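Note sheet for the following structure.
The values are calculated or read from the model by the stated rules, or taken from the named source; none is laboratory data. This is a predicted model, so every value here is computed, not measured. Neighbour counts run over all protein chains shown; Cβ positions are idealised from the backbone, glycine included. Note: accessible area is taken over every heavy atom of the protein model, side chains too, but ligands, DNA and RNA are not part of it. Shrake-Rupley method; radii C 1.70, N 1.55, O 1.52, S 1.80 Å.
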There are 4 protein chains.
Amino acid sequence: MYEPKAEHKFTFGLWTVGNPGRDPFGEPTRSKLAPAYIVKKLSELGAWGVNLHDNDLVPIDASAGERDRIVSEFKEALSDHGMVVPMATTNLFSDPSFKDGAFTSADARVRAYALQKTMNAIDLGVELGAKTYVFWGGREGSEVDASNNPLEGIKWFRECLNFLCEYVKDQGYDLKFALEPKPNEPRADIYLPTVGSALGFIATLDHSEMVGLNPEFAHETMAGLSFVHGVAQALDAGKLFHIDLNDQKMSRFDQDLRFGAENQKAAFFVVKLLEESAYGGPRHFDAHALRTEDEAGVWEFAKGCMRTYLILKEKVEVFNNDPEIKAALEAYKLSDAEIENLSKSYSSASAQSLKNRSFDREALGRRGPGLERLDQLTVEVLLGVR
Amino acid sequence: MYEPKAEHKFTFGLWTVGNPGRDPFGEPTRSKLAPAYIVKKLSELGAWGVNLHDNDLVPIDASAGERDRIVSEFKEALSDHGMVVPMATTNLFSDPSFKDGAFTSADARVRAYALQKTMNAIDLGVELGAKTYVFWGGREGSEVDASNNPLEGIKWFRECLNFLCEYVKDQGYDLKFALEPKPNEPRADIYLPTVGSALGFIATLDHSEMVGLNPEFAHETMAGLSFVHGVAQALDAGKLFHIDLNDQKMSRFDQDLRFGAENQKAAFFVVKLLEESAYGGPRHFDAHALRTEDEAGVWEFAKGCMRTYLILKEKVEVFNNDPEIKAALEAYKLSDAEIENLSKSYSSASAQSLKNRSFDREALGRRGPGLERLDQLTVEVLLGVR
Amino acid sequence: MYEPKAEHKFTFGLWTVGNPGRDPFGEPTRSKLAPAYIVKKLSELGAWGVNLHDNDLVPIDASAGERDRIVSEFKEALSDHGMVVPMATTNLFSDPSFKDGAFTSADARVRAYALQKTMNAIDLGVELGAKTYVFWGGREGSEVDASNNPLEGIKWFRECLNFLCEYVKDQGYDLKFALEPKPNEPRADIYLPTVGSALGFIATLDHSEMVGLNPEFAHETMAGLSFVHGVAQALDAGKLFHIDLNDQKMSRFDQDLRFGAENQKAAFFVVKLLEESAYGGPRHFDAHALRTEDEAGVWEFAKGCMRTYLILKEKVEVFNNDPEIKAALEAYKLSDAEIENLSKSYSSASAQSLKNRSFDREALGRRGPGLERLDQLTVEVLLGVR
Amino acid sequence: MYEPKAEHKFTFGLWTVGNPGRDPFGEPTRSKLAPAYIVKKLSELGAWGVNLHDNDLVPIDASAGERDRIVSEFKEALSDHGMVVPMATTNLFSDPSFKDGAFTSADARVRAYALQKTMNAIDLGVELGAKTYVFWGGREGSEVDASNNPLEGIKWFRECLNFLCEYVKDQGYDLKFALEPKPNEPRADIYLPTVGSALGFIATLDHSEMVGLNPEFAHETMAGLSFVHGVAQALDAGKLFHIDLNDQKMSRFDQDLRFGAENQKAAFFVVKLLEESAYGGPRHFDAHALRTEDEAGVWEFAKGCMRTYLILKEKVEVFNNDPEIKAALEAYKLSDAEIENLSKSYSSASAQSLKNRSFDREALGRRGPGLERLDQLTVEVLLGVR
């Protein structure tokens, strides 16, 4: 039971299980793991694929020859272990050249270099089979708003994305873009800080149909927002292209905890939303083992992410089949065909009809929706006592 | 100096200076003020107009006759004091009938009643001359996500907004809609929690051209987001239709403080953005005097909001004319015509050119942008020592 | 199973189940419930007692005769239903006279009135059998630090508490004081904002032995702090005199959710700490039903609080008896009698010995503590799959 | 004007201006600076002293000979430039051995090693002239509460501090300890998270008279708490032994911004509190230049910290001498000698007198304290328009 299989489409970034445990106040506690070794280990644990930044695999200063050798060895490892690379991305945040932004740097040369690096990384991703390309603009933001009209940042960002959309089309790649919003850290304020901001931005792009979202549990939670609602809005807009699962306490530094480690209830609703939606993509874990852990702890962490997902998936079934929950949900939702018909689509007549109608305001206010009970039933499903 | 005049377009809601000082833990500390009296006092202080919810002026259970009498007296007061009503809105949050949502209630009758109430309130707003209609969905959210697929809430919200857009067009009203996002309070999680979420949602509406934003300083700040960046994104999208100015400490309950009371630097950048943009609409203060205050304190509060805006507006001039700041900004931004030309608009050739180009990554990383100095200069402009 | 009984010492405030569902943006959604009715209902649900503010029972303007009649009827209700009043407190926050503080008001008359009101409320509490008197200084704080040297506020607070300690001793009452910290709301910043602040303040009182803590889950969580750690520090200092159980999302407005509704894991550790400590006092639920609910929802809410506590209490057993968890905990903690002996109590010799000792720093850093696995096992206990 | 001098007692940590600009998502952007060079540069800028962690000066694996040579050269630099070392501390957070705590590690050998390292660092600090020894327990906390009864952590922490107090006394050192609280980061929850927690903990120590506080602006602000109130409580308790000045947005990752960069008003009140209190110690800036900056930016940052302090110090004078502010403060505070006499110190008679007294509750509630006006005047002093 709770055994991860390829059909579950669980993926991890090379940078997640490969995280060496460095943080702002401390040196690495673990050795780096070779990409091929990660592929092998994850495959043994039941994962379906791995994702990567260009420099997770190919060092930033590798020669063309080195790059090709590394890529070819990595493809062999993928093939040996039956693993796929469904998503790829560019590291536009580690190198000092990006310290004040990549696509939004005030230095035109940095913006151009970021474009170059991304085109190369797109080529790499496509070569490895990726169908989704993620943009996490970790350095696209500011501490000093005097420096830079924030309007200019957004314009540069759009210019670059428009350019890259054209590049993908020009190359004939079968690739979609997914923006990954984050409110802050490492920058004081990152542009496009939330799922919603990214959706709003996409609406202004030349090829908005190619661009969607990669929402991350921890990032939305850092802004004190409901990740469940964020994912729902992305789904509603047809823009859930990828998803980053992990965990986090609200309104604090980026923790990237094991999926389900902190907010079991929110994790449950995310799994419910994914399993009941048309989203058929990867369940990507963008988290890492605690810095305290050795390599054994890293694999426990990876197993835990997948196992908790599957436990919660089972609970979705329990929830949906619980007769008391069913009854509570039915009682909660009050339909009225006649009235709903009036408001469904506008006509002068239906507007007038609605205006003339008399409502018993006090009765509407008195009705008890049964939400405390419904929530308690949910908690009991979560705690495994129903 | 710092004397508010009509040309500054300062407005207050009836509910702001009229706030009686009730809070979750305490009874009102001030008497209610009559709308006509508020109009007179604000006019004397130099405000340009007042905004209102339907029930700020007309009680929820007023008869048609009472309603007409109240409205006629109020119009007289406006005319007597040369005040306008640029914006109006509906109260869809105080009455118990809306306790579990208005446009997103699970009870179809509540949704219909909310539509009816809003059509009537739109009629009222238009009668008073309003050109902007604000939607703050205070109860559109949830505590119990089990109750309601959050997907359904967004759909109902859209259905209602589409209906109301048609209503406005059908009536031939010259009216635009402005959504006012808020992350939480009074609901645990409000749908469309941030400026970005509202922008993303607007893109899915039938008449998105009619619908824009009314961002509020406090609301964006409650989510720990930069209000300056939010306003910039709304401007970038051509969607800044109205603005709510006030103040707030991050990541806590809704404080609605006097504009500039807490975050002087952010307030300065907001004023700078507004004054330098094409936005020509009202500067609306959606705040209220502290509960400790008597009526005299209320008017000090109102004066303070406008006075601080004008002080900061003057500082925008100082900032823009400061030679050291000018030099710092010039040094900060590095253009390169040739390179910018390549990335401006895509062609296979320009992409290839960018790919072939060689960048001195280390030199790019070494460059000092001078941001600490620029920020210190800004702080000194703010503190009035430059 | 999970049936609450008197031995569990579950208590509710009259103001909790009696909360009428008013909030800053909306009118009450429920009728007030009579105190005697609350006593009866809670008793039927299995609660042990009720707690109260003076004005939950006796209106602020009641005559002495009315007061005595009300109290006598209430005592009868308690006796009829076998319920106790283990804790009482004063309402020093609702009335406008306390709008700028009670014990810390800048108006000497308000401070004196607060003392008078508290002495009377102490008399009332003792008459009803209370052994613990709680101080929640909801208005003891500020928005405007210019007004009041925050130093003065702390001094006035201490002066009042010292006075009241003497009053209790002088009357020969068997009563202890418990301070309830809260970071903000309704004031921008409340004095003594956290469990720690209250502990620090207690150390400066004349009769610090009489004064302890009443930590509240939601309040500590509002400051983004770990409630479990706060309770642990109070226990460590011998100062856990009472406890307020509820739930809350971090870093936002005061939600007072049903116990266990949001943070199941933190709730589990709180229950574990209480059940394994010497704390034998009430398990008080300082929460209220969602504003959406009718009276039926209120009793579901109350049942849910107690039921979840008992479910978690059972899980403490499961956790403690799980062999893999036991093994993980044993492996985690590494003792070394010789070394621990050196550091236990100081001597020049042991200090020298420690200084001379050679440590294998790298080996210490390499050791894997197994925390990811331990945490995953805990989550699985919580989810009921172990 | 605003020229820093030795008399202002401005200090910086070697680690602050020496920060190389590494963060969780990026590599260093600046070269390391030699301690002697830092001393020289800071001295030129007008600083009074430098503070250090043991390993800021002496590498963790230095031999005794290397250590002595480094220290002797550093003392020469201090003497050459007339700089002092008023405070020193131990790095108990960077090395992997401390990954799960130092004084609170579950591994007894780590606890012992932390004691050894701290005794050596105390010797070093004293040798350099330090009078204050700071304890920032960056790793003293947890992510996994299952691992470790939080009670045990506090006990181990106390055991270590008691031991180290004895060590200092035994050595005859003239040295006080100052605890520096922080709520989280790098650990999920750090023990003793706030100023108050540290005060509460100190009350449980064997030699509490030797131990006080080193509150940090950013740390208290991360918990959404008022730093001004925290410093006031430390002063009230006679425990302000040192202070860390910097800046920070609320409820997010540790930013360590330039003093006064973000919250000018809070910074003003902190300066006011320090200048008007008996605190005569260093004004220590525990901040660092933005990662975007080169070395020139670092020195601009350092100059800005000191310059803003001096500007705000001048504003304290302006505030105190402003006749309208004086009048507002006088009107705000209402004394009543007779009534204050009753509550000052307890007697049965005064208690009875207070109980018998009649208060005009409504009049107390009606009084307007003038806080909006006072706050606006303060803002105008800050903005330099008064």
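Some observations on this one:
- Tensor-based shape of the protein assembly as shown (alpha-carbon gyration tensor, a/c under 1.5 rounded, otherwise prolate or oblate): rounded
- Closest approach to the C/A rotation axis among chain C Cβ atoms, residue and whole-Å value: C:G384, 1
- Normalised alpha carbon radius of gyration of segment A:322-383 [divisor 2.2 N^0.38 Å]: 1.58
- Within 10 Å of each Cβ in C:325-336, the average number of Cβ atoms from other chains: 3
- Crossing angle, helix C:64-81 versus chain C [Cα axis fit, 0-90 degrees, rounded to tens]: 50 degrees
- Taking every DSSP beta bridge that has both ends in the protein assembly as shown, the antiparallel portion is near 15%.
- In the assembly of identical copies, B:D61 has its label point, taken 7 Å from Cα in the direction of the beta carbon, separated from the corresponding points by 2.3, 7.9, 8.1 nm (ascending, one decimal).
- Once the Kirkwood radius over Cα pairs is known for segment D:1-83, the Stokes-Einstein relation at 25 °C and 0.890 mPa s delivers a diffusion coefficient of 177 µm²/s.
- Note on segment D:75-149 and segment B:180-243: Cα centroid distance 46 Å, given to the nearest whole angstrom.
- Taken across both chains, chains C and A shield about 3600 Å² of accessible surface from a 1.4 Å probe.
- Within the straight-line cut-off of under 16 Å between alpha carbons, the aspartates and glutamates reachable from C:K315 are A:E380, C:E3, C:E275, C:E276, C:E324, C:D375, C:E380, D:D145, sequence neighbours fewer than 8 places apart in one chain being disregarded.
- Accessible surface for C:F135 stands near 10 Å², nearest 10, in the context of the full protein assembly shown (1.4 Å probe).
- Residues of segment C:41-70 falling in the label zone of B:E27, defined by backbone nitrogen less than 18 Å from a point 7 Å along Cα to beta-carbon, are C:53-64, C:66-67.
- Note on segment C:231-386: semi-axes of the ellipsoid equivalent to its C-alpha gyration tensor, largest first and rounded to whole Å, are 40, 20, 14.
- DSSP bridge pairs, chain C: antiparallel proportion in percent, nearest 5: 15 percent
- Spin-label pair B:K75-A:E152: with each label point 7 Å from Cα along the Cα-Cβ axis, the two points sit 5.0 nm from one another.
- For segment D:314-342 and segment C:319-356, distance of Cα centres in Å: 56 Å
- The long axis of helix C:295-321 is offset from the longest Cα principal axis of chain C by roughly 20 degrees.
- Cross-link pairs beyond the 30 Å C-alpha cut-off, checked among C:K249/D:K313; C:K5/C:K131; B:K303/D:K303; A:K249/B:K249; A:K333/A:K355: C:K249/D:K313; B:K303/D:K303
- Dipole of chain B, positive direction: furthest Cα of B:A278, B:A302, B:L52, with charges on the beta-carbon: B:A278
- Database remark: amide H of B:A178 closer than 5 angstrom to the amide H of B:Y133, B:V134, B:F135, B:G212 (H placed geometrically; neighbours at sequence offset of 5 or more, or on other chains; Pro and chain starts carry no H).
- Degrees, to the nearest 10: D:323-332 long Cα axis against longest axis of chain D: 70 degrees
- Cα gyration tensor shape of segment A:131-269, rounded if a/c is under 1.5, else prolate or oblate by comparing a/b with b/c: oblate
- In this structure, A:A327 and B:E362 have a Cβ-Cβ separation that, at R0 = 45 Å, corresponds to a calculated FRET efficiency of about 0.10.
- Residue-count net charge about B:F103 - beta-carbon cut-off 12 Å; Lys, Arg +1, Asp, Glu -1: 0
- For C:K32, the lysines whose Cα falls under 16 Å of its own Cα, not counting residues fewer than eight places away in the same chain, are C:K40, C:K41.
- Rounded, prolate or oblate (a/c below 1.5 giving rounded, otherwise prolate when a/b exceeds b/c) for segment D:6-320 by Cα gyration tensor: rounded
- Label 7 Å beyond Cα on the Cβ vector: C:A363 copy-to-copy distances, nm: 5.2, 7.9, 8.0
- Relative contact order (%) - chain C, alpha-carbon pairs under 8 angstrom, separation at least six: 14 percent
- Residues of chain A: accessible area per residue with a 1.4 Å probe, Å²: 31 Å²
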